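Comments concern the structure below.
The values are calculated or read from the model by the stated rules, or taken from the named source; none is laboratory data. Just so it is clear, the model here is predicted, and its values are computed rather than measured. Glycine also receives a Cβ, built like all others from the backbone with ideal geometry; neighbour counts cover every protein chain displayed. Heavy atoms of the whole protein, side chains included, go into the accessibility calculation; ligands, DNA and RNA do not. Shrake-Rupley method; radii C 1.70, N 1.55, O 1.52, S 1.80 Å.
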Amino acid sequence: MSKESLPHTHNLEFVEQLYSSYRRDAGTVSEEWRHYFAEMDNGDGASPIKTAPTFRPRSLFHAPAPAITGWTNLQERVDQVVRAYRLRGHMAAQIDPLGRPRPVPPELDPAFYKLGEADLDRHFSCETLTGASAPLSDILRQLRNTYCRSIGVEHMHIDDVSIRRWLQARM
């Protein structure tokens, strides 16, 4: 049996129909398929197809953590804070006409990303906010002013990247 004719996801329905026909009357399928199904039914492991992958599948959920340390790690965490404000900052906007505070999502707190008081004076790249580098305290102030004041902004759902970047630059 050729490799192309062996069962796989593209022809599974066809093979299932053949197997169903084989189970009703083995004479209705070709000798090649009868032999294949007979081997599968015997369970003797003589089947030419392996039912499990021969490689170890990679998983996004169990991938080893990249070895990022030092400055790169800090910059990545600051980038995550910026993204969190763009995605969820509107949830903390002061839009209640009675002035009641709204709950602030935990991911808007720099401590959520293990950024502390010592990091507030450090300069980080924030090209999409200021066009250069700025202290973390200034970055956070600008993010709160843009996304969490009396008008909450949420634009990350826009699929067109050029429009999304245009809005980010204007805000």
- Query: Taking the highest mean first, how do the peptides 83-91, 17-25, 143-151 order by number of other beta carbon atoms within 10 angstrom per residue?
  - Reply: 83-91, 143-151, 17-25
- Query: Once you put a point 7 Å from the Cα of SER21 and another 7 Å from the Cα of GLU127, both along the Cβ direction, what distance in nm separates them?
  - Reply: 6.0 nm
- Query: At a probe size of 1.4 Å, how large is the accessible area of PHE112, to the nearest 10 Å²?
  - Reply: 110 Å²
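For MET91, what is the net charge nearby, where nearby means another residue's Cβ is under 9 Å from its Cβ and Lys, Arg count +1, Asp, Glu -1?
Details: positive: ARG88, ARG102; negative: GLU154.
The answer is +1.
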- Relative contact order of region 97-171, defined on C-alpha pairs under 8 angstrom at six or more residues apart (%): 18 percent
- Query: For the pair MET91 and LEU167, how long in nm is the line joining their label points, each one 7 Å along Cα→Cβ?
  - Reply: 1.8 nm
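Going by the alpha-carbon gyration tensor, a ≥ b ≥ c the square roots of its eigenvalues, is region 97-170 rounded (a/c under 1.5) or, if a/c is not under 1.5, prolate (a/b greater than b/c) versus oblate? Walk me through the intermediate numbers first.
On the way: a/c = 1.86, a/b = 1.06, b/c = 1.76.
Taking the square roots of the gyration eigenvalues as a ≥ b ≥ c, region 97-170 is oblate.
Where the accessible area of region 69-149 is counted over protein heavy atoms with a 1.4 Å probe, how much of it, in %, is carbon and sulfur?
Details: 2560 of 4870 Å².
Whole-percent figure for carbon plus sulfur exposure: 53.
What GluC sites (Glu not before Pro) in region 115-171 are in a loop by DSSP, with at most 10 other Cβ atoms within 10 Å of the Cβ?
On the way: sites: GLU117, GLU127, GLU154; in loops: GLU127, GLU154.
Counting only loop positions with at most 10 other Cβ atoms within 10 Å, the GluC sites (Glu not before Pro) in region 115-171 are GLU127.
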